[in-house]
Amino acid sequence: MTPRATLLRGAAGLCIGFLLLTTLGAMPAVEPSSLPITSDQAKALQTYVRYLAGPSLRGRKPGSQGNRAAADYIKARFQETGLSPLSSLGGYGQGLPAQLGDNLLGLKPAAETTAQAPYIIVGAHYDHLGGAYLGADDNASGVAILIELARSLPALRHHHVLFAAFNAEEPPYIRTPQMGSQYFADHLPQEIGSLDAIQAVVIMDIMGGVHWDPMRELVFAAGVEKSPGLYARLKQASRLEASGKGIETAPSALIASRPSPLAVLPLGLHLIEELPLVGHVPVSDYDAFRNASVPFLFLSSGRTPRYHQPTDLPETLHYERMAATVRWLERLLSAIDQDRDRYRFDANRLELADEVATLQPLVAQAAERGRDIPGTSWLSRRAMQRDADWLKTFDSRSPQPEDIARLERLSIRIQCLLADLPICFLL
C-alpha cells in the first residue's frame, strides 16, 4: 500500500469514527406519525392543518393564490365558530399593503359588555415560505389551535377576545412595517382604539413539532416574565407554584412522567433572542406588542429539524399535545378574565430561577449518552456536559452579566441541537 493510500485510508477511518461518535447510543428521534390521535379535538386540529399545509395551497406565501385560499378557509372557520367581524373593517379581513393579503380578525365579545371592556388578543400567523415549503408546524399548527380555541372557548365575562390570524410574518416581512402583526399594531381597528385597551396578547408559533422524547409534552412560554400579573396567571394555569427557589412542582417531574400532562414552562425571552455573534433577533409576531409595552405571552414547542424544510408536513405533528394546549389556553384566558386591573409591563424583568428550573432537567438529559438529542455529536455532548455541571452552580439571586450571557448561549445551543444544525458545538 502506498503512503498516499495509507493516508487516505486513515482519513476515511477518522471520518467513520467521527460519525460513529456522533450517533453511537443516541436516543432515537420521536416519530410523530406513530403518536395516537384519539380525541375529537385532535382530529379536528389535524383536519385544519391538512388543509392549510396541503399541497394545493403551495405554502401560503403572502400575496399568492394559496395565501388567499388559506384566508378564505380561516374566514369560514371564524364564521362557523360564531366570531363576529369588526364593523370598522366591513368583514374579517384587514388588508395589508403591497397586495400581500389580509390579517384575519374575529371577535368573541365579553358576556358583560361595557364600553371600557379590555381586549385579549390571541394570534398566530398563517403565511409560510411558499412552493415546496408547506409549513405544517410553521405555522398551520398555531392557526389550527387558534381556530379550535375560538370554537371551544366560552365568552369571557369581562374581556373581549380578538382572534387574529396574522399574515406576512415570514421573511422578508418579519421585523418590518409590512409584517402583519406590526401593521395591526400600527393600524388598530376603531373598535380597539388604542394599545392601552389591550390587557394581554397571546402569540403562538410552531406548536406541533416533536423530535426529542423528553419534550414530547412540553410547550415553552416566553416574554410573559415581563408582566408580573400575567406571569402569576401563567403559573396558575399550569398548576405550578412559585417558591423562593423557583418552581415547586419541578419541571423534571413533569418531563419524566409518562404519560405526562402538558407542561407549559417559562423560558425567558432573552434565552431565545440573543444569538451568539449576531445579537438581538426577535423571532415572531410578539415583537410588535413587546415594542409597544403591551403584556404578552409567546408560546412555542420549539424548532425541529423540519423547520423551514419541505419535510414540515401534516403527518409530523403531535395533535394530542395541540389539543391539550387548547384546553390549557381556556384555563389561562379564564384566569386572566378575573383580573380587572391592568397588567404592568417591565421590559427588563427576568425570572432567572424559573428559567434555570426549566432548563436544568433538559440540559442534564441532553448531556447523557442514550438520552441526548438525536444527532448530537460527541463535541456537542461534551459542551452540554459542561453546561449541565455549570448550571448546578448557577446562583440566580446574584447573577453576573457573564453568567446571564452563558445561560443564553446554553439555551441557544440546545435549540440548535433540536433543530439539527451542524455548528452547535461551536456556540
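Structure summary
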read-out: Of Lys235/Lys392; Lys43/Lys226; Lys43/Lys75; Lys43/Lys392, pairs whose Cα-Cα distance is over 30 Å; value: Lys43/Lys226; Lys43/Lys392
read-out: Directionally averaged projected area (convex hull, Cα atoms, region 87-182), nm²; value: 7.1
read-out: Ascending count of other beta-carbon atoms within 10 Å, so fewest first, for Arg151, Arg290, Arg369; value: Arg369, Arg151, Arg290
read-out: Nonlocal amide H pairs with Asp127, under 5 Å, H built at 1.01 Å; value: Ala168, Glu169
read-out: Cα pair distances exceeding 23 angstrom across region 277-364, given as percent; value: 47
read-out: Region 89-177 - share of DSSP beta bridges that are antiparallel (%, nearest 5); value: 55
read-out: Region 352-427 pair-distance distribution - Cα-Cα, 10 Å bins, rounded %; value: 20, 56, 22, 2
read-out: Cα gyration tensor, region 126-170 - rounded (a/c under 1.5), prolate or oblate; value: prolate
read-out: Evaluated over region 32-350, the Cα radius of gyration and Dmax, each in Å; value: 18.2, 53
read-out: For region 29-156: rounded, prolate or oblate by the Cα gyration tensor [a/c cutoff 1.5]; value: oblate
read-out: Value of [θ]222 nm, deg cm²/dmol, for the chain, DSSP H segments ≥ 4, -39500 (n - 2.57) each, nearest 500; value: -11500 deg cm²/dmol
read-out: Likely footprinting exposure, His308, His187, fewest C-beta neighbours within 10 Å first; value: His187, His308
read-out: Rg(Cα)/(2.2 N^0.38 Å) for region 119-250, N = residue count; value: 1.18
read-out: Convex hull volume per residue for region 77-132, taking Cα atoms only, in Å³; value: 124
read-out: Least to most buried among Ile414, Ile120 (fewest other Cβ within 10 Å first); value: Ile120, Ile414
read-out: Distant-in-sequence amide H partners of Ile198 (H built 1.01 Å from N, under 5 Å); value: Tyr119
read-out: With Cα atoms, 0 to 90° folded angle of helix 378-391 axis to the chain main axis; value: 60
read-out: DSSP bridge pairs, the chain: antiparallel proportion in percent, nearest 5; value: 50
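Rule-based calculations on the coordinates, nothing more; no lab input. These numbers were taken from a predicted model, which means no experiment stands behind them. Backbone-built Cβ (ideal geometry, glycine too); neighbour counts: all protein chains shown.
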